[in-house]
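K.L.:
Just dropping this structure here.
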Amino acid sequence: MVIGAVLVILIFALALVSFLWTPYDPSAVDPVARLQSSSLEHPFGTDMFGRDTLTWVMYGARITLMVGIVAVGIALLIGTPIGVIAALFAQYPWGAWIGAVIMRANDILLAFPALLLAIIFAAVYQPGTGPAMVAVGIAAIPGFARVARSGTMQVLGSEYVRAARASNRRVPAIALFHVLPNIAGMVIVQASVAFAISILAEAGLSFLGLGTQAPVPSWGRMLQESQQFLSTHPGLALWPGLFIALAVLGFNLLGDGLRDRFDPKMEARGNG
């Protein structure tokens, strides 16, 4: 978890620093300095237009984190209530079919991955960061719904929830004060994993031209622009690919560490 947290902080720091300082203007073009290797003047080299690669990596971190935050926020705010509501209905004989219908509709959403949704949105609207964020967020909803439903079912079977029911506490109060606090750990772990998936999805969509559009810097589009120079200037693809890998690794390690921390069984197994 510590290694993951350090990598995540590094990516966030890179994005935050870009708001205050960057080596060069990301829109500055210098044909004389095109395709230069790493140097003191350009630590990560320059691209085919003479733009500083380090500057683009720093600006690209903004887009990556923004897509992750918005996409995970959409999935969390929609998927978590869906899972909780489905579990609450499932505990009543008259509402079991409602919970089943909700989860089957959630399963149907699994048939629409982020790439397919992005293509649909690009056909209706223009390709861009906004449609990509929405597509990735919608594609991540089923994961949050499943986790929230599973956690809610466990909490509803606990003694303190039975005591709350015996004291005639209403279902909304039980969900708000008993269910949500106790499934928060599971949801946070899912959010960390979904963040890593969102980073990969954004990079893939930008690589295919369905995500962030020029002239906004994006790690995925940097990879797309560098593929024609892989044999002569591999550094153009190295740096954005490396930071994508570090970001995904960081959020995955953080999610694994949080899972071990929030799950006593996993922690006990590790200590054993």
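K.L.:
For Ala114, all conditions in the list (1) exposed (fewer than 14 other Cβ atoms within 10 Å of the Cβ); (2) farther than 27 Å from Gln91 by Cα; (3) modelled with pLDDT under 85 hold save one; what is the number of the exception?
P.N.:
Going through the list (1) exposed (fewer than 14 other Cβ atoms within 10 Å of the Cβ); (2) farther than 27 Å from Gln91 by Cα; (3) modelled with pLDDT under 85, Ala114 breaks only (1).
K.L.:
Being of a type outside the set (A, V, I, L, M, F, W, C) and crowded, with 21+ Cβ neighbours inside 10 Å is the requirement here; does Asp52 meet it?
P.N.:
Against the criterion (of a type outside the set (A, V, I, L, M, F, W, C) and crowded, with 21+ Cβ neighbours inside 10 Å), Asp52 qualifies.
K.L.:
Let me ask something additional. Looking at Val67, Val72, Val17, which is the one that is within 28 Å of the chain's Cα centre (by Cα), closer than 30 Å to Val189 by Cβ, open to solvent by less than 80 Å² (accessible area, probe 1.4 Å) and modelled with pLDDT of 95 or more?
P.N.:
Val72
K.L.:
Hey, any hits in segment 47-57 for a residue that's of a type in the set (Gly, Ala, Ser) and modelled with pLDDT of 85 or more?
P.N.:
The answer is yes, given that some residue of segment 47-57 is of a type in the set (Gly, Ala, Ser) and modelled with pLDDT of 85 or more.
K.L.:
Would you mention how many residues in segment 222-258 are in contact (Cβ under 8 Å) with a residue 24 or more places away in the chain and under 20 Å from the mean Cα position of the chain (by Cα)?
P.N.:
Qualifying residue count for the region: 17.
K.L.:
Oh, and also: In the set Val101, Val124, which member is open to solvent by 50 Å² or more (accessible area, probe 1.4 Å) and more than 27 Å from Val155 (Cβ to Cβ)?
P.N.:
Being open to solvent by 50 Å² or more (accessible area, probe 1.4 Å) and more than 27 Å from Val155 (Cβ to Cβ) holds for just one of Val101, Val124, which is Val124.
K.L.:
Between residues in segment 205-216 that are within 17 Å of Ile244 (Cβ to Cβ) and residues that are in a loop (DSSP other than H, G, I, E, B), which pairs lie under 6 Å by C-beta distance while being six or more apart or on different chains?
P.N.:
These pairs meet every condition: Leu205/Gly211; Ser206/Thr212; Ser206/Ser218; Leu210/Pro127; Thr212/Ser218.
K.L.:
Please give the number of the condition Ala214 fails out of (1) open to solvent by 40 Å² or more (accessible area, probe 1.4 Å); (2) among the hydrophobic types (A, V, I, L, M, F, W, C); (3) assigned to a helix (DSSP H, G or I).
P.N.:
Condition (3) is where Ala214 drops out.
K.L.:
Within segment 20-38, which residues are hydrophobic (A, V, I, L, M, F, W, C), open to solvent by 70 Å² or more (accessible area, probe 1.4 Å) and farther than 20 Å from Met66 by Cα?
P.N.:
Those that are hydrophobic (A, V, I, L, M, F, W, C), open to solvent by 70 Å² or more (accessible area, probe 1.4 Å) and farther than 20 Å from Met66 by Cα: Val29, Val32.
K.L.:
Looking only at segment 188-219, which residues are under 23 Å from Leu258 (Cβ atoms) and touching a Lys or Arg at 6+ places or on another chain (Cβ under 6 Å)?
P.N.:
Val189
K.L.:
Counting just the residues of segment 75-111 that are closer than 25 Å to Met133 by Cβ and among the polar types (S, T, N, Q), which one comes out modelled with the lowest pLDDT?
P.N.:
Asn106
K.L.:
From Ala86, Ala105, Ala75, Ala114, grab the single residue that is out of contact with any Ser or Thr (no Cβ under 9 Å at 6 or more places or on another chain) and hydrophobic (A, V, I, L, M, F, W, C).
P.N.:
Result of the check over Ala86, Ala105, Ala75, Ala114: Ala105.
K.L.:
Something else about it: Could you list, in sequence order, the residues of segment 1-50 that are under 19 Å from Ala214 (Cα atoms) and of a type in the set (Asp, Glu)?
P.N.:
Within segment 1-50, Asp25, Asp30, Asp47 meet the criteria.
K.L.:
Identify the single condition in (1) under 17 Å from Gly204 (Cα atoms); (2) touching an Asp or Glu at 6+ places or on another chain (Cβ under 9 Å) that Pro142 does not satisfy, given that it satisfies every other one.
P.N.:
(1)
K.L.:
Let me ask something else about it. Go over the candidates Gly60, Gly68 one by one and state the one that is assigned to a helix (DSSP H, G or I) and either under 30 Å from Ser231 (Cα atoms) or among the aliphatic types (A, V, I, L, M) (or both).
P.N.:
On inspection, the qualifying residue turns out to be Gly60.
K.L.:
Hey, could you check segment 143-194 for residues that are part of a helix (DSSP H, G or I) and of a type in the set (Ser, Thr, Tyr) and say which is surrounded by the most Cβ atoms within 10 Å (Cβ to Cβ)?
P.N.:
Thr152
The values are calculated or read from the model by the stated rules, or taken from the named source; none is laboratory data. The shown structure was predicted, so the numbers you read here are calculated from the model rather than taken from an experiment. All Cβ positions, even for glycine, are placed from backbone atoms using ideal geometry, and neighbour counts span all protein chains on display. Each accessible area value is taken on the protein alone, full model and side chains, heavy atoms only, with ligands, DNA and RNA left out. Shrake-Rupley method; radii C 1.70, N 1.55, O 1.52, S 1.80 Å.
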